[in-house]
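Below: the structure, in structure tokens.
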Ligand code: SF4
Ligand code: SF4
């Protein structure tokens, strides 16, 4: 019955209104910006680039594969790949983004870039106070503004950041084990070849 639903709705409103005088939890508003809500872990606004260590350039996880650029629905990511390479977290030489821009006036916070990145390199930030009077350049974020330390990721999304660390650590261990096995196989093959060689005498 429509009348019954209206009465139920009004009862909820009345309970919260009267309850807000005795319990802060029932207050529907806060004194922003002096007071701030604790954002839920799943909160997301715009992407940022994760870097490891202290150096945003050296530690940037992004290898400029451009998958996110291709998959971004409104095409607001712009990447220019470097000419040279730098070591990634596994010690393998990789390209890096010479330019990595995101136009957040276009970004729709869909998180597809995060889902498709194979390198745990791009994640969603919770920063939302980004308004500016400069509609164009002010909302075009460059690599230097997008790069944030892994510690920041841990602060805003601790559970996801721990999972990312575990994924990268497992891949690093796998790469190290493969490199060791390859080196051992190479050494074994060299020893076998040396043993098979007829002696000069
Ligand atoms: S969140 Fe969505 S729209 Fe924004 S940069 Fe990533 S893929 Fe593009
Ligand atoms: S953020 Fe990820 S998907 Fe995008 S270019 Fe860098 S490594 Fe590739």
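Taken over the range 146-165, residues that are more than 23 Å from residue 130 (Cβ to Cβ) and without any contact (Cβ under 8 Å) to a residue 12 or more places away in the chain amount to 2. Take residue 47 and decide whether it is within 16 Å of ligand 1 (Cβ to nearest atom), within 14 Å of residue 113 (Cβ to Cβ) and in contact with a strand residue (DSSP E or B) (Cβ under 9 Å, 6 or more places away or on another chain). Yes.
If the condition is being more than 8 Å from ligand 1 (Cβ to nearest atom) and within 16 Å of the chain's Cα centre (by Cα), then the range 102-115 contributes only 115. Suppose we filter the range 78-121 for residues that are under 18 Å from residue 173 (Cα atoms) and surrounded by fewer than 13 Cβ atoms within 10 Å (Cβ to Cβ); how many remain? Summing the residues that are under 18 Å from residue 173 (Cα atoms) and surrounded by fewer than 13 Cβ atoms within 10 Å (Cβ to Cβ) in the range 78-121 gives 5. Could you check the range 75-95 and list, in sequence order, the residues that are modelled with pLDDT of 95 or more, more than 10 Å from ligand 2 (Cβ to nearest atom) and outside any strand (DSSP E or B)? Of everything in the range 75-95, those that are modelled with pLDDT of 95 or more, more than 10 Å from ligand 2 (Cβ to nearest atom) and outside any strand (DSSP E or B) turn out to be 75, 76, 82, 83, 84, 85.
For the range 53-73, the set of residues classified as surrounded by 18 or more Cβ atoms within 10 Å (Cβ to Cβ), part of a loop (DSSP other than H, G, I, E, B) and more than 10 Å from ligand 1 (Cβ to nearest atom) consists of 61, 62, 63, 64, 65, listed by residue number.
Summed over the range 128-169, the residues that are within 16 Å of ligand 1 (Cβ to nearest atom) and within 13 Å of the chain's Cα centre (by Cα) give a count of 7. Can residue 40 be described as within 13 Å of residue 126 (Cα to Cα) and within 13 Å of ligand 2 (Cβ to nearest atom)? So residue 40 does not fit the description; no.
Counting only residues that are within 16 Å of ligand 1 (Cβ to nearest atom) and in contact with a helix residue (DSSP H, G or I) (Cβ under 7 Å, 6 or more places away or on another chain), which one in the range 79-101 is nearest to residue 179 (Cα to Cα)? Restricting to residues being within 16 Å of ligand 1 (Cβ to nearest atom) and in contact with a helix residue (DSSP H, G or I) (Cβ under 7 Å, 6 or more places away or on another chain), the top hit is 97. In this entry, residue 147 passes the filter for residues that are touching a strand residue (DSSP E or B) at 6+ places or on another chain (Cβ under 8 Å) and either within 16 Å of ligand 2 (Cβ to nearest atom) or more than 14 Å from residue 47 (Cβ to Cβ) (or both).
Scan the range 1-22 for residues that are assigned to a loop (DSSP other than H, G, I, E, B) and either surrounded by 10 or more Cβ atoms within 10 Å (Cβ to Cβ) or modelled with pLDDT of 85 or more (or both) and jot them down.
Scanning the range 1-22 gives 20, 21, 22.
The values are calculated or read from the model by the stated rules, or taken from the named source; none is laboratory data. Everything quoted here is computed from the prediction, not taken from an experiment. Using ideal geometry, Cβ is built from the backbone for each residue, glycine included, and neighbour counts are taken over all protein chains shown.
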